[in-house]
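Contents: one structure, followed by commentary.
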Amino acid sequence: MNVLDSQSGIASAGSGIPSGKSRPSRLKLIFSTFDLRKTDILLPLLVISLTVIGIISVSSAAPSLRSRQILGFMLALAAMVLALIPDYHALLLLGPAGYAVTLVLLEAVLLYGTARDDAVRWIEIGGVLFQPTELAKILLILFYAQFIMKYKDKMSGLVCTAASFALILPPVYLIAREPDLSTLIMVFLIFCVMIFVGGISWKFVLTVLGLAVPSGIVVFSLILREGQTIIEDFQRRRILAWLYPEQYPDTAYQTLNSIMAIGSGQLTGKGYNTNGISSLLNSGYISEAQTDLIFTVIGEEFGFIGTTAVVLLITAIAVRCLVIALHADDIAGTVIAAGVGGWVGFQGFMNIGVVTGILPNTGIPLPFVSYGLTSLVSLYMGIGLVLNVHMRSASDLNTGMFR
């Protein structure tokens, strides 16, 4: 029995408690559905395997960061468990508050953030850099899961569709001001996945696509013009360097070197932590390889086999999340699992696309692999929510959680 009312999204159901006995406390009911025997094993194994590859690769790219990445892995595991234990229906009630916190954090970045590479995306807390946009992805997933659950019978209507888009605009606007184009794209893609599985009208989807494709072509052509004000100049240079690398060698050199490094690994790679003179990484041609360009390290040191393993693991994680979404008991669980699956899949595709020259340089980490504690912990929180949905699927809870 679901613990959320299908219309309001607020917990309700028959208590099923024999007369004369006291009703269980709300707190007890929140944790009453926790059952380790129902925990999915495959998803955490896939995630941990990919993270181990990330730790090995970060250790090669920047040995001094090995211990911090391992610490981040341990913190991420703890975050995953914390997201798994309470019933996700209870977490849904935090959705509106999470949305407000998202806006506060994103505004705080603009007011008090630390600038790096022409952008302000981090807040320094106790000497540690924290990227609020990563946490914002989790909070927005919970918010939209609650919103769609509450209005699931009206999601195909124009009012709810317009409200969904209106609510995503404030966080997207704040992210655009940082500016952080890659995260803006990711947040919007996650949003599109959630409202799609949430029941948005097919007519609306086809109408938007019919308008978005030609509009996107027009906007892209305007971006290429001198004096445009749509995006920042450094972002425009990255696009031009992607289209015409020979004309913008100073901007395109990272991508070109990354492609050469990956290709030089051939089938089996040059070996872990290679110090050969032919290594582009150890020769200093790949800067900050432990973050957005970590796929380059894997390609050079482990070759086609290593890069294929990473692609397959990312694909498997995304697909597993979608399978759990299909088997969720309610629309909220479906939205959470699909949102996290879309997050992992699209972000993995974007990172690998940038490193291999398929996409313009947008600066986005490779999920579970790139160095970065905020990204790693946030992703594991997302996986914890998906495991939460899986654990509570087909549960036989005979007591209302908040009655």
Under 5 Å, built H, 5+ apart or other chain: amide partners of W122: T114
Debye intensity ratio I(q)/I(0), log10, segment 92-239, q values 0.11, 0.15 Å⁻¹ (C-alpha model): -0.50, -0.88
Value in Å of the Kirkwood radius, where segment 160-222 supplies the Cα pairs that are averaged: 12.9
Cα-based helix-to-principal-axis angle, 331-355 vs the chain, degrees rounded to 10: 0
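With only alpha-carbon atoms in the gyration tensor, what are the semi-axes of the equivalent ellipsoid for segment 67-111, in Å, largest first?
Working: eigenvalues 115, 87, 3 Å².
Semi-axes, largest first: 24, 21, 4 Å.
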Overall Cα dimensions of segment 93-137, principal axis frame, Å, largest first: 36, 21, 16
Part-to-part distance (alpha-carbon centres) for segment 327-394 and segment 34-96, which is given in Å: 12
Simple Cβ-charge dipole of segment 89-195, Lys/Arg +1 and Asp/Glu -1, about Cα centre, in debye nearest 20: 420
Distance between modelled label sites at K203 and L267, nm, 7 Å Cα→Cβ extension: 5.7
Those aspartates and glutamates that a straight Cα-Cα span of less than 19 Å connects to K137, excepting residues fewer than 8 apart in one chain: E107, E178, D180, D292
From phi via Karplus (6.51, -1.76, 1.60), per-residue ³J(HN,Hα) for segment 183-192 in Hz, x at Gly/Pro: 5, 4, 4, 5, 4, 5, 5, 4, 4, 4
Ranked packing of 87-94, 309-316, most packed first, by mean Cβ within 10 Å: 87-94, 309-316
Projected label distance in nm at A166 and I125, using a 7 Å step from Cα toward the beta-carbon: 3.2
In range of the label at F220: residues from segment 344-367 whose backbone nitrogen is under 19 Å from the point 7 Å along Cα→Cβ: 346-347, 349-363
Between helix 373-392 and the chain: long-axis angle, C-alpha atoms, 0 to 90°, nearest 10: 30
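Taking the Cα centre of the chain as origin, work out the dipole magnitude from +1 charges on Lys and Arg Cβ and -1 charges on Asp and Glu Cβ, in debye rounded to 20.
Dipole about the Cα centre, nearest 20: 1120 debye.
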Cα-based Kirkwood hydrodynamic radius, the chain, one decimal, Å: 22.5
Binned Cα-Cα distances of segment 240-396, short to long, each 5 Å bin given as a whole percent: 2, 10, 16, 18, 16, 13, 10, 7, 5, 3, 1, 0, 0
Distance in nm between pseudo-label sites at L211 and V81 (7 Å out along the Cβ direction from Cα): 4.9
Student exercise, segment 221-316 dipole from Lys, Arg, Asp, Glu Cβ charges, in Debye to nearest 20: 160
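Read-outs throughout are calculated quantities, based only on the coordinates presented, and are distinct from any laboratory measurement. Note that the structure is predicted; figures quoted are calculated from it, not measured. Positions of Cβ are backbone-derived with ideal geometry, glycine not excepted, and every protein chain shown enters the neighbour counts.
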